[in-house]
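Read the figures in this text as sums done on the coordinates, not as results from a lab. Values in this document were obtained by computation on a predicted structure and should not be read as measured data. For neighbour counting, all protein chains shown are included, and Cβ atoms are generated from backbone atoms with ideal geometry for every residue, glycine included.
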Amino acid sequence: MAARRKKNVMTRAYRVFLDDLNQGKSEELKRFLRLCHDVMQYFMDLHWQRQDFSARLGDLPTIHCAVKRFGITTRLSQALCKQAKEFVASTRKKFKKRKPRLRRHVVTLFYHFVTIEPFNGKGFDWCIKFIGSGAPKMICPIFSTKPMNQKLADGWIRSKTIRLGLRNYRVFIDLLVEKQRPQPKAEGKVVGMDSNYKNGLVFSDGQNVATELHQVIQGFAPHQKHTRVEMKSMMGWAIKQIDFSQIKMLVIEDLKKVKHGKRGTFSRVFNRRLSHWLYAYTASLLVRRCQELGIEVERKDPWKTSQRCHACGKWDKRNRRSDRFLCVNCGHFDHADLNASKNLEFLGLAGMYGFRLRPSSKCQSFG
Ligand SMILES: [Zn+2]
């Protein structure tokens with residue numbers, strides 16, 4: 001049965017590919033994953049047809065329908081039905097009207113289907129036992145990952161649930177660890193952050209990390225592979241350099257409103273995609289880090305944050321010339337990204353979503 005997502009619990013997943021698994025077992029798991037995929041798609045179609053967008057447990061007749069149709073156990077049918085409904089509910093939130101299609105082959109397996117124990121002996125770290133109930137019966141010894149060990153050492157608890165999935169014809173297991181969310185920090189500053197891949201992450205308290213990103217991106221050959229992997233690891237490293245000790249709330253741009261097409265090294269389309277991806281990835285890392293430290297993250301409309309003068313509050317298009325910010329009204333001079341991050345900080349302190357008071361009127365002035 002599906003565990004309800006607990007609100008004040010943080011979850012992190014660590015992926016382990018089962019490349020060492022023998023062919024027979026690997027094929028069996030792939031068959032199982034394809035079956036789960038088909039069953040979930042069936043449930044999704046069914047509930048879409050019924051216009052049932054709740055994420056509640058499926059009703060028994062529906063579950064038995066799939067039991068008969070696919071020859072699976074009731075327990076598996078129930079688990080897959082729940083996951084399918086959750087998927088429908090979540091994609092509906094994002095895209096509204098389009099009927100969702102399940103592309104990934106990923107299934108969450110609860111303790112009815114699988115147990116995890118420390119591996120008895122040398123060579124592996126964990127022993128994953130698939131114990132039936134509709135899933136194949138087998139034992140998979142796997143390695144742990146360094147980041148996961150780190151989390152376990154930091155007091156995170158290993159979940160009894162795993163995710164089993166298929167990616168590029170490789171079977172993987174996501175091991176999950178959980179921890180209670182810390183109390184929100186009471187003391188500290190509100191800090192804004194503006195990011196782009198030219199200047200990295202610029203914080204309104206003066207911190208600036210990931211400054212070497214631009215150089216690295218420029219160094220990529222046009223069709224170089226694994227560039228994202230490299231950028232990911234670099235961004236992860238950069239975020240570790242940030243000193244969060246004085247920060248109580250971090251204010252960042254709302255992804256939904258992030259400006260497209262910042263100037264850069266590549267074609268406009270590639271550039272836009274890259275900056276969007278990079279922004280989303282960076283934001284997710286920051287949110288996680290802040291969650292673990294009890295720091296609140298707020299997302300704000302970035303509209304005019306790069307043109308508004310932080311000192312006098314007036315905005316003008318001419319204020320910004322690439323990296324330089326020079327206010328035509330009061331003469332205030334700043335680095336453009338620092339000025340933007342200070343404007344985000346301002347929004348955080350003021351408790352406003354953005355400077356756009358009325359979305360329809362473009363010439364609204366404020367200050
Ligand atoms: Zn000014």
### Message
List the residues, sorted by chain then number, that are 5 or more residues from Ile162 or on another chain and whose placed amide H is less than 5 Å from its amide H.
### Response
Leu109
### Query
What is the dipole size for the chain, taken about its Cα centre, with +1 at each Lys and Arg Cβ and -1 at each Asp and Glu Cβ, in debye to the nearest 20?
1480 debye
### Query
Got the relative contact order for the chain handy, in percent, Cα pairs under 8 Å and 6 or more residues apart?
15 percent
### Query
Which ³J(HN,Hα) values in Hz, rounded to whole numbers, follow from the phi angles of segment 154-171 under the Karplus curve 6.51 cos²θ - 1.76 cosθ + 1.60, where θ = phi - 60° and Gly and Pro get x?
8, x, 7, 10, 6, 7, 7, 9, 10, 10, 10, x, 10, 9, 6, 6, 10, 7
### Message
Which one, Leu102, Leu18, Thr145, is farthest towards the positive end of the dipole of segment 9-180 when Lys and Arg carry +1 and Asp and Glu -1 on their Cβ?
### Response
Leu102
### Message
Angle check, please: helix 74-95 long axis (alpha carbons) against the longest principal axis of the chain (alpha carbons), in degrees 0 to 90, nearest 10.
### Response
20 degrees
### Message
On a 29 Å Cα-Cα criterion, which of the cross-link pairs Lys99/Lys179; Lys85/Lys189; Lys7/Lys160 come out too long?
### Response
Lys99/Lys179; Lys85/Lys189
### Euclidean distance between Cα centres, segment 91-166 to segment 207-225, Å
34 Å
### Whole-number percent relative contact order across segment 189-350, with pairs defined as alpha carbons under 8 Å at least 6 apart
30 percent
### Summary
Ranked output for segments 41-51, 191-201, 169-179, 225-235 by mean other Cβ atoms within 10 Å, highest leading, reads 191-201, 169-179, 41-51, 225-235
#### Entry: Relative contact order %, segment 9-180, counting alpha carbon pairs below 8 Å whose residues are six or more apart
32 percent
### Message
Taking every DSSP beta bridge with both residues inside segment 9-180, roughly what % is antiparallel (nearest 5)?
### Response
95 percent
### Query
If you place +1 on the Cβ of every Lys and Arg, -1 on the Cβ of every Asp and Glu, and leave all else neutral, what size is the dipole of segment 9-180 about its Cα centre, to the nearest 20 Debye?
800 debye
### Task
Assuming a ≥ b ≥ c are the square roots of the Cα gyration tensor eigenvalues, decide whether segment 189-350 counts as rounded (a/c under 1.5), prolate (otherwise, with a/b larger than b/c) or oblate.
oblate
